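To keep things clear, I will list the structure first and then write my remarks on it.
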Amino acid sequence: MTDLTGKTAVVTGAASGIGLAIAISLSKAGARVCLADIQKDALEHAVRELENAGGSVISVIADVSSEAAVRSLSEEVFRQVGMADILINNAGLQYVSPIESYPIERWDQLQSVILRGAFLCTQQFLPHMVEAGWGRIINIASIHSIVASPFKSAYVSAKHGLLGLTKTVALESAAKGVTVNSISPAYVRTPLVEKQIADQARLHSIGKEDVVTRIMLAPMPQKELIEPEEIGETVKFLCSNAAKHINGHNLVMDGGWTVT
């Protein structure tokens with residue numbers, strides 16, 4: 001049920017962290033994978049990792065906040081492999097600051113990469129999935145698409161918007177063989193989270209270990225960070241035929257955070 005042989009997956013923000021783990025999982029399931037990222041050196045390293053594991057992989061340097069760059073991404077995917085059956089909108093970044101001093105350029109950047117980027121990529125790849133009668137779009141949201149945290153106004157707002165985009169596109173494509181879902185994990189062990197730990201330690205004037213235990217893991221009954229590979233396996237399931245009637249859904253992976 002999770003054999004993706006013959007399918008092509010485009011993963012944004014794929015050079016490291018969650019995106020790379022997703023790419024590896026889909027590749028192991030037989031999919032050809034296009035890694036898209038803005039970080040050239042990290043992207044080259046990720047390509048070598050997948051190739052060394054026997055995966056079929058291409059890469060495209062792309063800034064998903066740019067309409068022209070996303071159009072070029074889709075053109076390159078279709079030129080090299082002819083089709084994109086799966087789209088994983090994962091590209092993202094974080095900036096932590098009190099709202100009264102939050103730089104407007106950072107606010108715009110987060111909205112552009114997280115929300116505008118997912119919209120632009122969906123706009124480019126969805127019509128081809130509809131034409132083929134099969135497709136999977138998965139938006140990597142966050143626990144912050146459901147709950148808020150101090151000092152993350154731009155990130156929380158963008159991730160909330162990503163759920164709205166997920167639901168809307170799911171309704172528009174439901175009768176056309178395409179499913180659109182999102183995954184909202186709590187804190188995942190990634191470079192992005194490592195940077196957040198340092199930022200939160202500075203803002204709260206506490207040690208990094210205290211940030212993990214007193215802030216990040218405090219709301220989670222399961223007191224541990226999520227591993228990127230868990231997200232990869234969940235994405236693989238949502239891409240399978242076993243999940244063909246899961247549509248417009250936000251799958252929450254939060255260690256029990258939002259149970260109460």
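The values are calculated or read from the model by the stated rules, or taken from the named source; none is laboratory data. Because the structure is a prediction, the values reported are computed rather than measured. Glycine gets a Cβ as well: all are built from the backbone with ideal geometry, and neighbour counts include every protein chain shown.
Points worth noting:
- Each residue in the stretch 180-195 was checked for being outside any strand (DSSP E or B) and not small (Gly, Ala, Ser), and 8 of them qualify.
- So Val130, is it touching a helix residue (DSSP H, G or I) at 6+ places or on another chain (Cβ under 6 Å), surrounded by fewer than 23 Cβ atoms within 10 Å (Cβ to Cβ), touching a residue at least 12 places away in the same chain (Cβ under 8 Å) and more than 26 Å from Asp254 (Cα to Cα): yes
- Hey, Glu229 part of a helix (DSSP H, G or I) and either crowded, with 20+ Cβ neighbours inside 10 Å or modelled with pLDDT of 95 or more (or both) or not: yes
- In the stretch 234-246, the residue that is farthest from Val11 (Cα to Cα) out of those that are of a type outside the set (Val, Ile, Thr) and buried (at least 17 other Cβ atoms within 10 Å of the Cβ) is Ala243.
- Tabulated pairs, the stretch 25-47, first at negative phi, second surrounded by fewer than 24 Cβ atoms within 10 Å (Cβ to Cβ) and among the acidic types (Asp, Glu), C-beta under 9 angstrom, 6+ apart or interchain: Ser25/Glu229; Ser25/Glu233; Ala29/Asp3; Ala31/Asp85; Cys34/Glu76; Ile38/Asp63
- Note on the stretch 121-164: residues that are among the small types (Gly, Ala, Ser), at pLDDT below 95 and in contact with a Pro (Cβ under 7 Å, 6 or more places away or on another chain) amount to 0.
- A Cβ distance below 8 Å, combined with a sequence gap of six or more or placement on separate chains, defines the contacts here; from the stretch 141-152, residues that are over 12 Å from Ser97 (Cβ atoms) reach residues that are among the aromatic types (Phe, Trp, Tyr) and not in a loop (DSSP other than H, G, I, E, B) in the pairs Ser142/Tyr155; His144/Tyr155.
- Exclusive hit being among the hydroxyl-bearing types (Ser, Thr, Tyr), under 22 Å from Gln111 (Cβ atoms) and modelled with pLDDT of 95 or more, set Thr190, Thr179, Thr168: Thr168
- Qualifying residue in the stretch 50-61 (condition: assigned by TED's automatic domain parsing to the domain that holds Gln109 and under 24 Å from Ile226 (Cα atoms)): yes
- For the stretch 157-175, the criterion of being out of contact with any helix residue (DSSP H, G or I) (no Cβ under 7 Å at 6 or more places or on another chain), more than 27 Å from Leu120 (Cα to Cα) and buried (at least 18 other Cβ atoms within 10 Å of the Cβ) is met by no residue.
- For the stretch 159-187, the set of residues classified as among the small types (Gly, Ala, Ser) and in contact with a Ser or Thr (Cβ under 9 Å, 6 or more places away or on another chain) consists of Gly161, Ala170, Ser173, Ser182, Ser184, Ala186, listed by residue number.
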